[in-house]
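J.: Have a look at this one before I ask anything.
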Amino acid sequence: MGDPKEAGAEASPAGAAIRGGLSLLPQGESEESSAQGSALFLGGSEVKSRAVVKYSSAPPRTAFARLEEKTDLKLPPANWLRESAKLGPAGTTILGNSKKSKPFSSFGMAYDFIDSVGNDVDVVSDSENIKKLLKIPYSKSHVSMAVHRIGRTLLLDELDIQELFMRSSQTGDWTWLKEFYQRLIDQKWQRKKKSKEHWYQKAILSKFLYYSINGDGAAQPVPSATEQQDLPSADQTSESEGASWPAPFEMPSSVSEDPGASTQGSEHLESSYIVGHVASAPKEQNLTPLFNDGENSQGLKNDFVRNILWTFEDIHMLVGSNMPIFGGGRYPAVSLRLRDNNKPINVLTGIDYWLDNLICNVPELVMCFHVNGIVQKYEMIKTEEIPNLENSNFSTKVIKDIAQNILSFLKSNCTKEGHTYWLFKASGSDIVKLYDLTTLCEETEDKYQNPFTMPVAILLYKVACNMMMKKNQNKKYYGTIRTLLLNCVKLLDRSRHPQIIASANYMLSELFQLDEPKKEESSESPLNENSDESYSEEEEEMADSDENGSYCTSSDPSDDNKAVAIIKSVGELSVPEKYKSIHQIRPSCAFPVCHDTEERCRLVLSYVLEGLKSVDSSIKKESDLPAADPNTPIPLKYEDESSREAPEGLEKQMALFLDKMGSLQKGNYSSQSGMIPGSWQHKMKLQLILKSSKAYYVLSDAAMSLQKYGRALRYIKLALQSHDTYCCLCTNMLSEVLLFLSQYLTLCGDIQLMLAQNANNRAAHLEEFNYQTKEDQEILHSLHRESSCQGFAWATDLSTDLESQLSVSCKCYEAANEILQFSDLKSQNPEHYEQVLKRMGNIRNEIGVFYMNQAAALQSERVGRLMRICAQAHCGAGDEFKREFSPEEGLYYNKAVDYYLKALRSLGTREIHPAVWDSVNWELSTTYFTMATLQQDYAPLSRKAQEQIEKEVSEAMMKSLKYCDIDSVTARQPLCQYRAATVHHRLASMYHSCLRNQVGDEHLRKQHRMLADLHYSKAVKLFQLLKDAPCELLRVQLERVAFAEFQMTSQNSNVGKLKTLSGALDIMVRTKHAFQLIKKELIEEFDQPKSDETGPAADSSPSLNQEEVIKLLSIFESRLSFILLQSIKLLSSTKKKTSTNVEEDVVLKTNKHIYSQFLRATANKSATLLERIDLVIYLMEQLARGGSAVQ
């Protein structure tokens, strides 16, 4: 600005004009300090008005030329419609308000002053639209405006339905709106042509303004012939300056595949819009939404001569104005008007002049009166005197109320960002209606017929970007930023605008801080406040209240049910505070509060996934990629577990990894999808992948805190897979990214160590590790488009071997330490470096303890074996029948037990050294079993009493069972089962023997009877599990039969004896399984010489001892014969004494039949072993069936 007196009225000269919201003031002078507000006291009431020029392209102000009386304005001046140096680069378009505003004029201003949109400014619009709204209660003219909401800012643009419908008839656009208009508003619509008087007045005004700047040439009219030729030209110029509607907004040519997508205008596209550093992102991390806005080519250029920040009472407006301002009056700035002296000034004209001067901060109005184009006189009027002019008297207070009520009405009903609203008042009507055109357009086949869609989306995106870039941004605005971005994404089609959608999703992910402590729990957190800026798109519209306003959403028979809201009478706009205050109309919905770390990270990953999908969909080279199903897990190629877990294999993978880290410093690039380095896809995918790796790292750390180690390993694996892909795409690895990798590997080492120390819950950890969400699968598919993601497979696999887990943990720490050596990271991050060193020392100590415990256990086991050999060396020599278990043997066996127990204490738990643990347990069980067997077989009766020996044997056998693991599924399990069955058999035999030899104490006899029966039952169950011990099973069953016979000898009643005999027969029936196993083995042995002539003879096979079988079979036959005979005798004697019992008759008949068959068969002494076994099996089957086989 030049003259300080003109402060607030004009900006710097046109040569210094720069758009984009930059300061246009002389160097060293701030915008605010040079701008003056004006407080005008009009009619006794105060109306606060303050105007600050944000931008001006007007030339230096010059005094207007006062025309002489009788000057004929019908004659054009010599300079008419010609550019002049005094007019500056704007040319003829600067003069007058004859030029209509473009449909997207508010968007052009919003793009240039993005800082003002969303928070600080209530309205952005052309001054003509502002005046038209404030004159609604006074005017019968129609009103048609498009309204858009961006944050708390409303954008107002003229919606010229005449122009729209003319375009519709030519191109087919806006057909849906034309049909809607004709159906509900004006069924007989036709284009209305302007009268000749209108164009005559336009021409007179244009010539007057050119005369006024012509100076000395003001009295030099051109010949009348020229006037006749120029008048149509003026009309055509005015016509051509009408609203020019662009085609439906398409994506910029830099993104669109169609190079002809943008055809409007001839100016070059502005430079790429770069968001720059996001406040929450690292210093080296840039947001890269590189796209050409295309606003110039789409008619979105800010064409106003000046942009003014106008504060009218408590309403802040960014206004565009083309009103010419001159000097030469009593004040440094005046506005120039032409009036017909025969037509008095009316209220509408007065309001128009007054508002123009207020908006431009012009203190004086110069009015030139004419009669039929002949200049009569000039009159100078102060701005504050305009409301009191004759025939034009109006209340400024009422104008203020109208402004507040209209803004309240719009803000309370235009609640959905991204939607296009239509404010409409028909000519001559008192009803104002508001329609949601976006909702109406969505009912059509193509929602992109709305040409406002793309400009609104870009503006939403730009406002969000601007808020993200602000330093020291208060987090309470994050709700606004999130809403802006979500609405932006909602408006756009991914296939048409992948770049903007990817960038918007990345910024959405940046709103959630992953590396900061949670602050949501604090009641003072701004995220919990219901601030004006913290609303979201899911909000519900506030219920309309009739207390402060009469606009409604319900439809009477005469109302339009398609309207969002209706003002039933324009007169209500003049009533003070008729509607709610604009500052109270704000939906209360805060930025989403994530109390859980996993919830916050999952939101981030959902946005990252959407961004990755947009990037991947825009990459052309997809022929080399197989079609991936997101629901199918990706098959990963793992190395053989034995080679992978071997120390030398791990060392090899570590060496390859370190070589890769070294190559990253040289900037190697490899991508499978064919992305071009430096393209927007490449830059955006890098940022999205890095964000996903951070999110997975935080998830892993949270799972680690919850002791969910399987889940933690799964998340850190995904984090490292993301980082591996980042390394493949990155052309210049940043030191901060290397630090992230060091932190990831450190956490991975912690997880592997905790898995090693909590091996008892391995099944649950494995289940958590293998689980995968659909979201994780889709992100992994996107990563696999660029790399195999196997760079860190050596560190993230869940091993079942403790030694391998400890080794992997150690290698993770070593890799983290190696990374810190790159770029001198250890000096820049001393705390992390110290933590890594501590962990390396700890894991090496753990590995040392592991091997020391293993060595100590093995050493104790070897000494235990030595003690057993010493015990065997001290066994008594000489006659076996006179041998006794010596004290020396007991001493060495007890020493062996002590060493084995010491070995177990060294190991701690089985999970640490499973193989060594099982071996020591088996050796200890064997030692106890050997001691018990020797004491039982060679009882030291010369030194100890029988009862004491039996007690020691029982204790040793029970300890042997304790260390005999029959449940673990290992190679030694059958051996353990055989040992346990043998122990139970020996205990049962011992108690059986005690019962036979004991006399007297009935309580002790009863106890021995119960213990014998218990151990016999357990021995049978265990032997039945084994397929290679039929003789042992048969021997146990025969002992049980003998035990039953012994019990029968002490019984006196026939009923008791019959019951015991029945139980003995039942035991014999159960021997069928043992005989079947013996038969199977005998058949295999008999068939062996036939198939293998060089093989040994069948009877010499060590698999089955036939002599023992014959002996057991003979005992079985004799006992079967005895029991059947005794049963027949008892049943026969009972039948004679008592009445007939059907069941006993059947049993007697069956037993007789089986006994007779048995006697006939055993009479044949030449029967083979197999024939005898077949007979027994047959008889046992008949006994099992009872009398069903007896006819």
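J.: With respect to residue 466, is the statement that it is at positive phi and either modelled with pLDDT under 85 or within 25 Å of the chain's Cα centre (by Cα) (or both) true?
T.: no
J.: Now, a different point. State all residues of the stretch 914-939 that are closer than 30 Å to residue 855 by Cα, open to solvent by less than 30 Å² (accessible area, probe 1.4 Å) and more than 60 Å from the chain's Cα centre (by Cα); if no residue qualifies, say none.
T.: Of everything in the stretch 914-939, those that are closer than 30 Å to residue 855 by Cα, open to solvent by less than 30 Å² (accessible area, probe 1.4 Å) and more than 60 Å from the chain's Cα centre (by Cα) turn out to be 931, 932.
J.: Go through (1) open to solvent by less than 60 Å² (accessible area, probe 1.4 Å); (2) under 30 Å from residue 995 (Cα atoms); (3) touching a residue at least 40 places away in the same chain (Cβ under 8 Å) and name the single condition residue 942 misses.
T.: All conditions pass for residue 942, except number (1).
J.: Can you pull out every residue in the stretch 381-403 that is open to solvent by 40 Å² or more (accessible area, probe 1.4 Å) and assigned to a helix (DSSP H, G or I)?
T.: 384, 385, 388, 397
J.: Only one of (1) in a helix (DSSP H, G or I); (2) within 30 Å of residue 672 (Cα to Cα) fails for residue 731. Which number is that?
T.: It is condition (1) that residue 731 fails.
J.: Could you look through the stretch 985-1028, keep only residues that are among the small types (Gly, Ala, Ser) and in a helix (DSSP H, G or I), and pick out the one that is surrounded by the most Cβ atoms within 10 Å (Cβ to Cβ)?
T.: Taking the candidates together, the pick is 1019.
J.: Continuing with this model, one more query. Go through the stretch 350-380 and give me each residue that's among the aliphatic types (A, V, I, L, M) and open to solvent by 30 Å² or more (accessible area, probe 1.4 Å).
T.: Listed by number, the residues that qualify are 371, 374, 380.
J.: So which of 763, 719, 712, 702 ends up being touching a residue at least 24 places away in the same chain (Cβ under 8 Å), under 30 Å from residue 915 (Cα atoms) and part of a helix (DSSP H, G or I)?
T.: Unique residue meeting the criteria: 712.
J.: Another question about this same structure. Could you tell me whether residue 147 is within 22 Å of residue 361 (Cβ to Cβ) and at pLDDT 90 or above?
T.: no
J.: Scan 1031, 976 and give me the residue that is of a type outside the set (S, T, N, Q), open to solvent by less than 50 Å² (accessible area, probe 1.4 Å), touching a residue at least 24 places away in the same chain (Cβ under 8 Å) and closer than 29 Å to residue 864 by Cα.
T.: Step by step, each of 1031, 976 is checked, and only 976 is of a type outside the set (S, T, N, Q), open to solvent by less than 50 Å² (accessible area, probe 1.4 Å), touching a residue at least 24 places away in the same chain (Cβ under 8 Å) and closer than 29 Å to residue 864 by Cα.
J.: Ok, one more. Can you find, within the stretch 896-905, the residue that is farthest from residue 982 (Cα to Cα) among those that are in contact with a Leu (Cβ under 9 Å, 6 or more places away or on another chain) and open to solvent by 30 Å² or more (accessible area, probe 1.4 Å)?
T.: 899
J.: Only one of these conditions is not met by residue 416: (1) crowded, with 22+ Cβ neighbours inside 10 Å; (2) at pLDDT below 90. Which number is it?
T.: Status for residue 416: all satisfied but (1).
J.: Based on this model, can you work out whether residue 773 counts as modelled with pLDDT of 90 or more, over 22 Å from residue 810 (Cα atoms) and surrounded by fewer than 22 Cβ atoms within 10 Å (Cβ to Cβ)?
T.: yes
Yes/no matrix, rows are residues, columns are (1) farther than 24 Å from residue 1030 by Cβ; (2) at pLDDT 90 or above; (3) open to solvent by 30 Å² or more (accessible area, probe 1.4 Å):
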residue	(1), (2), (3)
946	yes, no, yes
951	yes, yes, yes
955	yes, yes, yes
964	no, yes, no
983	no, yes, no
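J.: Could you list, in sequence order, the residues of the stretch 314-349 that are open to solvent by 20 Å² or more (accessible area, probe 1.4 Å) and touching an Asp or Glu at 6+ places or on another chain (Cβ under 6 Å)?
T.: 316, 329, 331, 332
J.: Are there helices (runs of 4 or more DSSP H) fully within the stretch 777-875 with at least 2 residues that are open to solvent by 30 Å² or more (accessible area, probe 1.4 Å)? List them.
T.: 802-821, 825-828, 830-873
The values are calculated or read from the model by the stated rules, or taken from the named source; none is laboratory data. In this text the structure is predicted, and so the values were computed from the model without any measurement. FYI the Cβ positions are ideal-geometry reconstructions off the backbone, even for glycines, and counts take in every protein chain you see. Ligands, DNA and RNA are stripped out before the accessible areas are found, and what is left, the full protein with its side chains, is counted by its heavy atoms. Shrake-Rupley method; radii C 1.70, N 1.55, O 1.52, S 1.80 Å.
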